[in-house]
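*Asks:* I'd like to ask some things about the structure below.
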């Protein structure tokens, strides 16, 4: 495992996490890193559910909590512009883990709302903001934007300013 | 939303100084209103539909200004400063405003504290309409005034696109003293019963989108 900073002591608890995950899924990981006290694994879409389930249910890892599931968009990365990031926390072991799943344009990813129930709304938000589709999701509809909103706002090519896709007419502001 | 041709909207009673709201076309359209007092009321600051002596109006205004209960309406961070203003150090209870009503039916007005998203906008308007006349609105903070730095896809650029505003208090968030000064300006308006029936005005932004 590479530590990006020289002479950094990796904490014992995280060494256990790393060892267990490497033992179970060793060669299927796309990458791993330890930076500033945080352990990250890059996972492919095919192994994603298995890794997530193992993280939660393995008694050594015991990641009971999904802090958040996020989407991300890197337009400069041509082969895999989208990404789903999971932040896992183990309250009993006092460890944290990050899983990154790179996705191509239009590639679908299975849902983990069966593993952690909080993923339900997180995945709805990721779909709404980035257009990442989650297969098997019970209710993949919009969460935060208005019903007639058009577009995926947090993509990097969505305009930053102006009520694009919204309904309030700002050109009428101050006419009252 | 209400029909533009309903009786309430057919006869807006706008106080002077807001003549820009009623264009010549609007006045021409209203010229076939049957009652002469309607046309007169358009140019004078009267309580619509009721002719009461000025001294009674002054007394009512005086009484209302010392017991103006706003709607509990903290949308975002400005709500914290609103709570601080209601707290012991900068006490709103001195002005009779500590009773922030949760129900719009029981409120005298609203302090819109925080940014309004496009999803929240119809609800803000609905709550405003549910407050009984006379009512006044204070836009607290830069977000309610103009959207602040959030010129983005989901934030209303100032709630005066939706409801008529009496006092704007800039700041991010405004200090309790600033909100207090804004409330003093508002209380002046309440005391004089000025712009008390702004809720009856046609709001061009909403008429344009067909409400």
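The values are calculated or read from the model by the stated rules, or taken from the named source; none is laboratory data. Predicted model, so just to flag it, every value in this text is computed and none were measured. Counting neighbours? That spans all protein chains shown, and the Cβs are built from the backbone with ideal geometry, glycine included.
For every residue, the table says whether it meets (1) at the interface with chain A (Cβ under 10 Å from one of its Cβ atoms); (2) free of Cβ contacts under 8 Å to residues at least 60 places away in the same chain.
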position	(1), (2)
B:123	no, yes
B:129	no, no
B:136	no, no
B:140	no, no
B:145	no, yes
B:155	yes, yes
B:182	no, yes
B:190	no, no
B:198	yes, no
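*Asks:* Here are A:36, A:77, A:93: which of them is surrounded by 14 or more Cβ atoms within 10 Å (Cβ to Cβ) and either closer than 14 Å to residue A:13 by Cα or modelled with pLDDT under 95 (or both)?
*Replies:* Result of the check over A:36, A:77, A:93: A:93.
*Asks:* Would you mind telling me which numbered condition in (1) exposed (fewer than 15 other Cβ atoms within 10 Å of the Cβ); (2) without any contact (Cβ under 8 Å) to a residue 60 or more places away in the chain residue A:107 fails?
*Replies:* That leaves (2) as the condition not met.
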